[in-house]
Structure formats: C-alpha cells, structure tokens
1. With Lys228, Lys188 as the choices, which residue is over 30 Å from Gly311 (Cβ atoms) and either more than 23 Å from the chain's Cα centre (by Cα) or without any contact (Cβ under 8 Å) to a residue 12 or more places away in the chain (or both)?
2. Looking at the stretch 295-317, can you tell me whether even one residue there is within 24 Å of Ser217 (Cα to Cα), of a type in the set (Asp, Glu) and surrounded by fewer than 19 Cβ atoms within 10 Å (Cβ to Cβ)?
3. Right, Ala233: more than 25 Å from Ala36 (Cβ to Cβ) and either among the hydrophobic types (A, V, I, L, M, F, W, C) or touching a residue at least 60 places away in the same chain (Cβ under 8 Å) (or both) or not?
4. Please verify whether the stretch 335-357 includes one or more residues that are open to solvent by 60 Å² or more (accessible area, probe 1.4 Å), modelled with pLDDT of 90 or more and under 30 Å from Ala214 (Cβ atoms).
5. Would you pick out the residues in the stretch 159-173 that are part of a helix (DSSP H, G or I) and not aliphatic (A, V, I, L, M)?
6. So is Ser7 within 18 Å of Phe250 (Cα to Cα) and surrounded by fewer than 24 Cβ atoms within 10 Å (Cβ to Cβ) or not?
7. Name the single residue, out of those in the stretch 108-158 being farther than 14 Å from Leu179 by Cβ, assigned to a helix (DSSP H, G or I) and of a type in the set (Ser, Thr, Tyr), that is most open to solvent (accessible area, probe 1.4 Å).
8. Could you identify the single residue in Arg73, Arg49 that is surrounded by fewer than 24 Cβ atoms within 10 Å (Cβ to Cβ) and either hydrophobic (A, V, I, L, M, F, W, C) or in contact with a helix residue (DSSP H, G or I) (Cβ under 8 Å, 6 or more places away or on another chain) (or both)?
Amino acid sequence: MTHHEISNHRLISQKLDKTSHNSPEEIVRHLGAMQAQDYAMAKWAIGSRCDATEKEIEEAINSGKIIRTHILRPTWHLVAAEDIYWMLDVSGPQVKRIILAETKKYGCDEKEFDKINSAIEKLLAGNNHLTREEIIQQLNVKKFSGDYKLSPVLIMMYAELDGVVCNGKMKGKKTTYALLEERVLKPKIKLTKEEALAKLAQRYFESRGPATVADFSHWSGFSITICKSVVNAIKLQLNYVTIDNQEYWFGKDCANLDNFCESVHFLAAFDEYLISYKNRESSILLEHQPKAFTKNGIFKPTILENGKVIGTWKRTIKKDHVKIETDFFNQTEMNKKQILFEGIKSFESYLDTKVIIE
C-alpha cells in the first residue's frame with residue numbers, strides 16, 4: 001500500500017465509494033460517532049453515504065434511533081442508540097474532568113452538578129422535551145465565588161456526559177433535550193472500560209482505516225499511551241501496513257482496490273473523512289489545507305475527486321431551490337467542471353428540491 005492508495009481505502013471504509021442501502025442509523029453505527037455541531041451538515045454527512053433523504057434522517061434522529069449529544073473530544077456527535085451508553089461510559093469521565101478542572105476553581109464541583117442534574121431530571125420527566133433556554137429559565141443555578149455563574153452550555157453538556165439528557169425531538173428549528181433513559185433503554189450488560197476502549201478502537205479502524213494510533217488518539221480524545229495499549233490489545237483483530245516507518249491499521253475486511261471506481265463527492269462541513277485524522281496529507285495537500293479548515297477547527301464543505309480534496313463549496317437555501325457555489329483550488333476547465341458537478345445530483349435527491357450551481 002502507498003500513501004496515494006490510503007485515501008482510496010478510506011473512501012471505501014467510510015462508505016463513500018458508492019451509495020449504500022444502509023439505513024441512516026446503520027451508517028452512524030458503522031462510523032461509531034459522527035461530528036455534528038453543524039446539524040444540517042451532519043445530516044448530509046449521513047445522506048452522502050446512503051440513499052436516505054434529509055426528512056428520513058431527521059426522522060431517525062427525532063425518533064431516537066440516532067442520538068445527538070456531546071461525547072468524545074467533546075463536541076456534538078451523532079451516535080447510534082445501541083452504542084450511546086457504553087460510549088458515554090468510556091468517554092464521559094475524561095471529558096467531565098476537563099469541565100471540572102475549570103469549574104472547581106470557583107467552587108463548583110461534582111456535587112453541585114449532581115444537584116443541577118437532579119433538577120433537570122424533574123423538569124424533563126414524562127417525555128417532556130424542552131429547549132436549553134426553557135430548561136435554564138426554570139433552573140435556579142446559584143452564583144459561585146467571584147460572581148461566577150455556570151454557562152447554559154456547560155450545564156447541559158455535563159448533563160449529557162453524565163447520561164442524564166440527550167437530544168429530544170426538534171421544536172421547529174430549535175433543538176430540545178429529553179431524558180436519555182426515556183429515549184433509549186439501558187442495556188442489561190455493562191462493558192468494562194477495557195472492553196469499551198477495545199470496541200471503540202476496533203470500530204474506528206474498521207470504519208476509517210488505514211489510520212495511525214495518533215489518528216485514533218486525535219479522534220477519540222484519549223492519550224497516545226492509552227491508544228497504543230488498546231491497539232496492542234486488539235491487534236489480532238486488525239491488519240496493518242508500514243509506510244515510511246509508520247504503522248497504518250485497518251479492518252480485516254479491507255477492500256481490494258482492483259474494483260475501485262472513480263468518484264466525485266460534495267462532502268459535508270466537518271465530515272469524518274477529514275476530521276477523523278490528525279495527519280490529512282493523504283487526502284489534501286498541505287498547501288490547500290488552510291482553504292479547507294482553520295487552525296481553530298472550523299471545517300468547510302469540500303469537493304472530493306477520487307479521494308482527494310480539490311475545492312470547497314457552500315449552499316444557500318432559496319425559496320424554491322438551493323444555490324451551490326464552488327471554489328476550486330486549481331483552475332478548472334469548464335468541461336471538467338461539468339463532470340464534477342454530476343457529483344451534486346445526489347444532494348438534489350437528498351433535499352428533494354432543485355439545486356442550481358453558480
């Protein structure tokens with residue numbers, strides 16, 4: 001395997017090589033967790049990997065088949081309902097430590113968060129789905145030393161990481177919160193930390209390989225030391241290849257590139273195809289990276305040709321259509337652009353509305 005082939009293998013492992021007939025929740029389960037702070041783009045990240053429409057994906061999220069919550073690094077992620085508890089068990093404690101390291105300076109510790117969570121549970125009991133603003137209005141959160149008051153974002157994030165709340169049904173265009181246990185039944189068997197870490201690592205390398213231990217550490221939020229230990233524990237369930245003295249791990253079912261087809265994709269902002277890796281040079285040249293994502297972690301929607309990022313795009317929703325604007329990194333001839341624009345047709349079907357490219 002060469003560096004050039006890595007991006008093609010990742011296309012296949014991430015289910016981008018061809019549109020699958022998987023359900024939205026099956027796509028999310030395959031990838032383990034999909035970054036989702038940009039909700040509209042997170043839905044397209046699923047839609048670009050299957051033949052579901054935006055409405056069908058929205059329904060899967062509203063019905064609780066897919067959970068949207070803070071997890072891993074942390075930021076918003078989409079997680080399959082069947083995975084939410086073990087994933088929270090393994091990653092929640094490390095993220096809560098990050099939050100508590102800041103709030104304890106002002107006298108806000110675990111006991112204070114437990115009191116707030118108990119109040120939130122009472123507000124949401126009985127399948128009561130409320131927006132963050134509605135919850136905060138009814139909470140009586142005290143001020144701490146130095147006139148410090150917890151932000152609504154931290155309050156709800158901690159409740160998510162503690163497994164108290166997750167996303168509820170959308171209220172118009174507003175996100176709501178609901179009690180996690182009322183959305184998803186708790187499993188009868190609880191994984192140990194070692195079992196959960198092994199499951200997380202195997203899911204990562206099977207859905208994103210070939211990838212390095214450093215890539216897994218970057219994606220999961222766990223230290224390099226922990227990640228090395230986990231990979232060593234599951235190495236018999238994986239394959240690896242060494243390129244330039246660097247080990248790249250991937251699933252046992254890694255596809256044969258003899259059947260690889262040329263392809264064009266209009267990827268979502270924050271798509272896992274780029275965000276899953278610490279080193280992204282296999283998919284985008286160093287000179288082009290500042291055009292696709294910023295140093296503070298803002299990822300633009302990108303145009304992908306045969307696994308390589310060749311430009312960015314943005315959408316503007318109009319009354320009766322969606323306008324697409326493109327920005328290619330290199331000068332592109334018009335006839336080549338017409339071929340590339342074929343890749344946006346799936347977006348038209350996904351939205352069930354007319355798409356115009358300008």
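1. Working: Lys228 fails: either more than 23 Å from the chain's Cα centre (by Cα) or without any contact (Cβ under 8 Å) to a residue 12 or more places away in the chain (or both).
Being over 30 Å from Gly311 (Cβ atoms) and either more than 23 Å from the chain's Cα centre (by Cα) or without any contact (Cβ under 8 Å) to a residue 12 or more places away in the chain (or both) holds for just one of Lys228, Lys188, which is Lys188.
2. No, the conditions are met nowhere in the stretch 295-317.
3. It is true that Ala233 is more than 25 Å from Ala36 (Cβ to Cβ) and either among the hydrophobic types (A, V, I, L, M, F, W, C) or touching a residue at least 60 places away in the same chain (Cβ under 8 Å) (or both).
4. no
5. The one that is part of a helix (DSSP H, G or I) and not aliphatic (A, V, I, L, M): Glu160.
6. Numbers: within 18 Å of Phe250 (Cα to Cα): yes; surrounded by fewer than 24 Cβ atoms within 10 Å (Cβ to Cβ): yes.
Spelling it out, Ser7 is indeed within 18 Å of Phe250 (Cα to Cα) and surrounded by fewer than 24 Cβ atoms within 10 Å (Cβ to Cβ).
7. Once the filter is applied, the top-ranked residue is Ser145.
8. On the way: Arg49 fails: surrounded by fewer than 24 Cβ atoms within 10 Å (Cβ to Cβ).
Just one listed residue meets the conditions, Arg73.
The values are calculated or read from the model by the stated rules, or taken from the named source; none is laboratory data. For clarity, every value in this text was computed on a predicted model and none was experimentally measured. All Cβ positions, even for glycine, are placed from backbone atoms using ideal geometry, and neighbour counts span all protein chains on display. Surface areas here come from the heavy atoms of the whole protein model, side chains and all, with no ligands, DNA or RNA. Shrake-Rupley method; radii C 1.70, N 1.55, O 1.52, S 1.80 Å.
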